[in-house]
Amino acid sequence: MLTTVDPVLSVVAGGSKLRRGLMMASSTRQAPPAKVDVLVVGAGFAGLAMLHRLRGEGFHTHVVEAGSGIGGTWFWNRYPGARCDVDSTDYSYSFSDELQKEWRWSERYATQPEILRYIEHVADRFELRPDITLDTRVSEAHWDEAGSRWEVRTEPGDRISARYLIMATGCLSTTKQPDIDGIEDFAGQVVHTADWPAEGVDLAGKRVGIVGTGSSGIQVIPEIAAEVGRLHVFQRTPNFSVPARHRPLTDAERAAIIAEYPQRRERARLSPTGLAAVTPNPQSALDVDEAERQAHYEKWWDSAGFGFLLCYADLLTNQEANDTAAEFIRAKIGEQVDDPVLAEKLMPHGYPYGAKRPCVDNGYYQTFNRPNVELIDLLSTPLVKTTRNGLCTTEAEYSLDVLIFATGFDAMTGSLLKPVIRGHDGVTLREHWRAGPLTYLGVTTSGFPNLFIVAGPGSPSLLGNVLVSIEQHVDWISDLLTRSRSEGKPTIDTAPGAEQDWVRHVNDTAAHMLYTAANSYYLGAEVPGKPRVFMPYAGGLRRYRRECDKVARDGYPGLIRN
């Protein structure tokens, strides 16, 4: 997945020099049906899986997508170096054995173009495109009490009536736009990593500034450093990153993976993080002596990639244990950067390793050894304004031809709160969530009947392999709708008490972890003014799946079905 972002800038409404905004419908756009059983919003991994499953269950299902192509996150994030941070073979669908056997991933961590080709292959193979309308952003939806249906409007002007409304909008899809004085005055080109132009950006020999050193920044910086004339990296908060260890997959490896796919998928479903490629170490980091611990870290550093956080069982529950991993990574940064003063500026301090979603890189730290790359430490010299020529800090002005914002997303809730969604008595979702998102199992929310969220707040979502979370939600929601249809109970709401109990459980679980010790998008800290609550479920995918399975097995207590 695209991962951690640095809380440098805020989200702003209205226009800016960035490209994303209201997309005009193309002249070839086909309007969506006026009435459906299920309307799915978003044509990324979640939306396509939902469409395939519900269509197979006999529901008249249609997907609307704001972009001009399918793929969700992988359609928009075309920046150089964009990759998944989960092994390609795990970051893929498991619902079709034929699909698993026929698709050949080329690398351990697939690049954005390869992932997008995979998504497009799935859409074509399962003939999903006729039930997808592109260039269609939902602007509002309201629950019609009399008809027990969602009445939905889109920005192109469509009106769609749906029995069920499923938000498959993704956790990382609403970009965090810059709010810097003078941004409109800059004479050069401005781009955001999460809305990179399809035609690319000419960076050859140019003076380039990049703001943000989260996952997107860490991926793009090594890719463009050799191409640009000079690269100014504006960093506020240093990030922990470990080597991704990208490499091509051999034919023998692919054959072995395909042969064991059933067992591999089961391992992923039963693991806390949805990773089949990495087996968590059950030991405590404090149960071994320093020499053994260092040797173990070295071994995992050379192979684990994103799974490095699973080196020891208590890295996210014990600060002393976490300190051993953090110190190891800081030492590794020092080994990779020639200038010790610069290396120190790149070393994260003040928050635990893993409290932000871990980054993986392909030569990120070594990039700062290049003579044409400069780090600007915004903690010591804060950003002040944009001028016609570039960016100003409290100490200097940096002349730029291109300004790149790698400032990430309004994570987890941004795309859910973008449209005006009204439930019972006209209450909006934004009003219901004014103190933070309230969900039952991360799937439903009280007062909004027949509204479902895939990988939403209150579910594991971004705390592991989100593809495993997506498929689990798709199956759970589909089973619920199918069962409710057979029982003649088409309207499904959430009891307020069940929602409150689940939110309390989510908070209690997070309180025993180190996640809350960092300003991260898990907490909403990436957006000024956003409620500071821990949004994902930190109990792990395996435990979460058991909770959901029990609810289904017991007849869906906590849901009001009639």
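Between Leu172, Leu128, Leu116, the distinction of being in contact (Cβ under 8 Å) with a residue 12 or more places away in the chain, of a type in the set (A, V, I, L, M) and open to solvent by 20 Å² or more (accessible area, probe 1.4 Å) belongs to Leu116 only.
Being at pLDDT below 95, under 25 Å from the mean Cα position of the chain (by Cα) and open to solvent by less than 30 Å² (accessible area, probe 1.4 Å): is that true of Gly414 here? For Gly414, the condition - at pLDDT below 95, under 25 Å from the mean Cα position of the chain (by Cα) and open to solvent by less than 30 Å² (accessible area, probe 1.4 Å) - is met. Quick one: is Pro348 within 30 Å of Tyr537 (Cβ to Cβ) and either in contact with a Gly (Cβ under 7 Å, 6 or more places away or on another chain) or surrounded by 22 or more Cβ atoms within 10 Å (Cβ to Cβ) (or both)? Against the criterion (within 30 Å of Tyr537 (Cβ to Cβ) and either in contact with a Gly (Cβ under 7 Å, 6 or more places away or on another chain) or surrounded by 22 or more Cβ atoms within 10 Å (Cβ to Cβ) (or both)), Pro348 does not qualify.
For segment 418-430, the set of residues classified as open to solvent by 20 Å² or more (accessible area, probe 1.4 Å) and within 24 Å of the chain's Cα centre (by Cα) consists of Lys418, Val420, Arg430, listed by residue number. Annotation: of all residues in segment 290-314 being aliphatic (A, V, I, L, M) and free of Cβ contacts under 8 Å to residues at least 40 places away in the same chain, the one that is surrounded by the most Cβ atoms within 10 Å (Cβ to Cβ) is Leu310.
This table checks each residue for (1) of a type outside the set (D, E, K, R); (2) at negative phi; (3) in contact (Cβ under 8 Å) with a residue 40 or more places away in the chain.
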| position | (1), (2), (3) |
| --- | --- |
| Val503 | yes, yes, yes |
| Ala510 | yes, yes, no |
| Ala517 | yes, yes, yes |
| Ser520 | yes, yes, yes |
| Gly524 | yes, no, yes |
| Phe534 | yes, yes, no |
| Ala538 | yes, yes, yes |
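All told, Ser106 meets the bar of being surrounded by fewer than 14 Cβ atoms within 10 Å (Cβ to Cβ) and closer than 29 Å to Glu223 by Cα. Residues of segment 230-246 that are under 25 Å from Ile180 (Cβ atoms), assigned to a loop (DSSP other than H, G, I, E, B) and not hydroxyl-bearing (Ser, Thr, Tyr): Arg236, Pro238, Asn239.
Tell me yes or no: at least one residue of segment 300-311 is within 22 Å of Arg543 (Cβ to Cβ) and not in a helix (DSSP H, G or I). Yes, segment 300-311 contains at least one residue that is within 22 Å of Arg543 (Cβ to Cβ) and not in a helix (DSSP H, G or I).
Can you tell me which residue in segment 290-326 is nearest to the chain's Cα centre (by Cα), limited to those that are more than 23 Å from Asp90 (Cβ to Cβ) and among the hydrophobic types (A, V, I, L, M, F, W, C)? So the residue we want is Ala326.
Across segment 121-142, the qualifying residues are those that are aliphatic (A, V, I, L, M) and in contact with a strand residue (DSSP E or B) (Cβ under 9 Å, 6 or more places away or on another chain), and the one among them that is nearest to Asp158 (Cα to Cα) is Val138.
Could you list, in sequence order, all residues of segment 506-537 that are part of a loop (DSSP other than H, G, I, E, B) and hydroxyl-bearing (Ser, Thr, Tyr)? Of everything in segment 506-537, those that are part of a loop (DSSP other than H, G, I, E, B) and hydroxyl-bearing (Ser, Thr, Tyr) turn out to be Ser520, Tyr521, Tyr522, Tyr537. Being over 23 Å from the mean Cα position of the chain (by Cα), more than 16 Å from Asn239 (Cβ to Cβ) and not polar (S, T, N, Q) is a condition met by at least one residue of segment 341-358.
Residues considered: Asn322, Asn281. Of these, the only one that is touching a Cys at 6+ places or on another chain (Cβ under 7 Å) and either buried (at least 17 other Cβ atoms within 10 Å of the Cβ) or not charged (D, E, K, R) (or both) is Asn281.
Restricting attention to segment 186-205, does a residue exist that is within 30 Å of Ile492 (Cα to Cα), in contact with an Asp or Glu (Cβ under 8 Å, 6 or more places away or on another chain) and open to solvent by less than 30 Å² (accessible area, probe 1.4 Å)? No, the conditions are met nowhere in segment 186-205. Taking the conditions (1) touching a residue at least 60 places away in the same chain (Cβ under 8 Å); (2) more than 27 Å from the chain's Cα centre (by Cα) in turn, Ile221 satisfies each one other than (2). Could you please let me know if Pro358 is open to solvent by less than 60 Å² (accessible area, probe 1.4 Å) and modelled with pLDDT under 95? Yes; evaluated as a whole, the condition is true for this residue. For segment 55-102, a residue qualifies if it is charged (D, E, K, R), surrounded by fewer than 21 Cβ atoms within 10 Å (Cβ to Cβ), more than 16 Å from the chain's Cα centre (by Cα) and assigned to a loop (DSSP other than H, G, I, E, B), and exactly one does: Glu57. Contact map, segment 29-51: first residue at positive phi and buried (at least 24 other Cβ atoms within 10 Å of the Cβ), second residue assigned to a strand (DSSP E or B) and at pLDDT 95 or above, Cβ cut-off under 9 Å, separation 6 or more or different chains; pairs are Gly42/Val63; Gly42/Val64; Gly42/Ile166; Gly42/Met167. Taking residues in segment 327-349 that are more than 17 Å from Val360 (Cα to Cα), and partners anywhere that are among the polar types (S, T, N, Q), the pairs with Cβ atoms closer than 7 Å and at least 6 places apart or on different chains are Asp338/Asn369. At least 3 residues being within 30 Å of Pro243 (Cβ to Cβ) and at pLDDT 95 or above is the threshold, and among the strands (runs of 3 or more DSSP E) wholly inside segment 132-229 those reaching it are 207-211.
Within segment 251-274, restricting attention to residues that are part of a loop (DSSP other than H, G, I, E, B) and in contact with a helix residue (DSSP H, G or I) (Cβ under 6 Å, 6 or more places away or on another chain), the residue that is surrounded by the fewest Cβ atoms within 10 Å (Cβ to Cβ) is Pro272. Within segment 370-384, residues that are closer than 13 Å to Val211 by Cβ and outside any strand (DSSP E or B) have Cβ atoms under 9 Å from residues that are charged (D, E, K, R) and at pLDDT below 95 in these pairs: Leu378/Arg236; Pro382/Arg236, counting only partners at least 6 apart in sequence or on another chain. Of all residues in segment 455-492, those satisfying the criterion of being within 16 Å of Tyr91 (Cα to Cα), open to solvent by less than 20 Å² (accessible area, probe 1.4 Å) and either of a type in the set (Phe, Trp, Tyr) or under 14 Å from the mean Cα position of the chain (by Cα) (or both) are Ala455, Pro460, Ser461, Leu462, Gly464, Asn465, Val466, Leu467, Val468, Ser469, Ile470. Pairing each residue of segment 400-411 that is over 12 Å from Ser216 (Cβ atoms) with any residue that is charged (D, E, K, R), provided the two are 6+ apart or on different chains, yields C-beta distances under 6 Å for Leu400/Arg207; Asp401/Lys206; Asp401/Arg207; Val402/Lys206; Asp410/Lys176.
The values are calculated or read from the model by the stated rules, or taken from the named source; none is laboratory data. A quick note: this is a predicted structure, and the numbers were derived from the prediction, not measured. Reconstructed Cβ throughout: ideal geometry from the backbone, glycine too, with neighbour counts over all protein chains shown. Accessible surface areas use protein heavy atoms only, side chains included; no ligands, DNA or RNA. Shrake-Rupley method; radii C 1.70, N 1.55, O 1.52, S 1.80 Å.
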